[in-house]
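The values are calculated or read from the model by the stated rules, or taken from the named source; none is laboratory data. This structure is a prediction, so every number in the text was calculated from the model and none was measured. Note: ideal-geometry Cβ built from the backbone for every residue, glycine included; neighbour counts use all protein chains shown.
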Amino acid sequence: MSNSQKSVAIVTGASSGIGLGLVQALLARDYAVIATSRTATKSKNLAASPNLVLVDGDIGKKTTAVAVANAAMKHFGRIDLLVNNAGMFMSKLFTDYTEEDFALMVSTNVASFFYMSQQVIPAMQRQKSGHIVNISTTLVDQPVLGVPASLPVLTKSTMSAVSRELAIEYAAQGIRINTVSPGTVNTPMHASEDHETLKKLHPIQRLAEISDIVDAVLYLTSASFVTGENLRVDGGAHAGRW
Ligand SMILES: NC(=O)c1ccc[n+]([C@@H]2O[C@H](COP(=O)([O-])OP(=O)(O)OC[C@H]3O[C@@H](n4cnc5c(N)ncnc54)[C@H](OP(=O)(O)O)[C@@H]3O)[C@@H](O)[C@H]2O)c1
């Protein structure tokens, strides 16, 4: 199939939560989308569409990134947007994290960014345009007593830093790289019985909705003079104490 007129997006972590919301929003805006996660093809939420291609795989592995980028080129012929959204959260006291926890978090939150971004940039260079959005967390800027998260912070804090580095590296080639840092979002990542407590983590005392994060990604995608930005969507949590 050739469909080179459409803008083409890759969304990782697409079977649930923010990633699923992004896929739905991009399809509604007439993007062609490659949606990937370990269980993308089994997800009942990802409805069949000629503009949607599903790729299963562990996003921490280079083989998955290669398969995803190849699928985008084979089906749609270009790559305009990559959202490095797949990620995981694990709250433990620092000394309780195991070697296995460390390896899993680095693989899911950092190797995923590295392999996937490396795979899409050559296509974006050929096009002389493209946009990468990395999903971080506001905990990087605003750690919370009672929510021990040193491994999430260790693995996610790199996103805004490397986005700024890549923004400089690729600005002249028409490729933009930005970060979105959500507060706590109403997704399957959090049990509903925790929501009342989690709301208090934001000065605007509600959870972020998936649409809040999707809107931030869509804004950055349309903002052709914005690169290296870290857009915090956290109800003001990064701004100070409350
Ligand atoms: N929810 C929040 O409060 C919050 C706050 C700040 C930042 N974030 C960040 O936002 C992003 C999305 O979070 P979410 O709340 O939407 O999460 P979610 O509902 O738990 O969904 C996570 C997605 O990532 C995929 N995934 C997880 N491990 C994977 C792996 N090894 N390989 C491939 N896919 C994998 C899952 O699909 P499969 O199970 O099918 O693989 C799923 O599609 C994450 O990076 C998270 O750290 C979330």
Selection count where residues are touching a residue at least 24 places away in the same chain (Cβ under 8 Å) and either within 14 Å of the ligand (Cβ to nearest atom) or part of a helix (DSSP H, G or I) (or both), scope the stretch 68-81: 7
Select, from 119, 142, 205, 127, the only residue that is within 22 Å of residue 64 (Cβ to Cβ) and away from the ligand (no atom under 11 Å from the Cβ). 119
Cβ contacts < 6 Å: first residue without any contact (Cβ under 8 Å) to a residue 24 or more places away in the chain, restricted to the stretch 132-156; second residue more than 12 Å from the ligand (Cβ to nearest atom) and of a type outside the set (Phe, Trp, Tyr), any location; separation 6+ or different chain. Result? none
Look at the stretch 177-189 and say how many of its residues are closer than 30 Å to residue 228 by Cβ and either within 8 Å of the ligand (Cβ to nearest atom) or modelled with pLDDT under 95 (or both). 8
Which listed residue, of 48, 28, 32, is more than 15 Å from the ligand (Cβ to nearest atom), small (Gly, Ala, Ser), exposed (fewer than 15 other Cβ atoms within 10 Å of the Cβ) and modelled with pLDDT of 95 or more: 28
For the stretch 176-194, which positions are hydrophobic (A, V, I, L, M, F, W, C), more than 20 Å from residue 219 (Cβ to Cβ) and without any contact (Cβ under 8 Å) to a residue 60 or more places away in the chain? 191
One residue is enough: does the stretch 154-168 have a residue meeting the conditions within 11 Å of the ligand (Cβ to nearest atom), buried (at least 20 other Cβ atoms within 10 Å of the Cβ) and within 22 Å of residue 93 (Cα to Cα)? yes
Test result for residue 8, of a type outside the set (Asp, Glu), touching a strand residue (DSSP E or B) at 6+ places or on another chain (Cβ under 7 Å), crowded, with 23+ Cβ neighbours inside 10 Å and under 26 Å from residue 176 (Cα atoms): yes
Could you tell me how many of the residues in the stretch 82-104 are part of a helix (DSSP H, G or I) and within 16 Å of the ligand (Cβ to nearest atom)? 5
Pairs, please: C-beta under 9 Å, at least 6 apart or cross-chain, first residue part of a loop (DSSP other than H, G, I, E, B) and in the stretch 31-55, second acidic (Asp, Glu) and within 10 Å of the ligand (Cβ to nearest atom)? 38/56; 38/58; 39/56
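Identify, from the list 109, 84, the residue that is buried (at least 21 other Cβ atoms within 10 Å of the Cβ), in contact (Cβ under 8 Å) with a residue 24 or more places away in the chain and touching a Phe, Trp or Tyr at 6+ places or on another chain (Cβ under 7 Å).
Details: 109 fails: touching a Phe, Trp or Tyr at 6+ places or on another chain (Cβ under 7 Å).
None of the others qualify; the one that does is 84.
Quick grid of which residues meet (1) in contact with a Leu (Cβ under 9 Å, 6 or more places away or on another chain); (2) among the hydrophobic types (A, V, I, L, M, F, W, C):
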residue: 137; (1), (2): no, no
residue: 154; (1), (2): no, yes
residue: 164; (1), (2): no, no
residue: 174; (1), (2): no, no
residue: 187; (1), (2): yes, no
residue: 190; (1), (2): yes, no
residue: 226; (1), (2): yes, yes
Could you list, in sequence order, all residues of the stretch 7-25 that are more than 8 Å from the ligand (Cβ to nearest atom) and outside any helix (DSSP H, G or I)? 7, 8, 9, 10, 11
Residues of the stretch 206-224 classified as farther than 25 Å from residue 118 by Cβ and assigned to a loop (DSSP other than H, G, I, E, B), total: 3
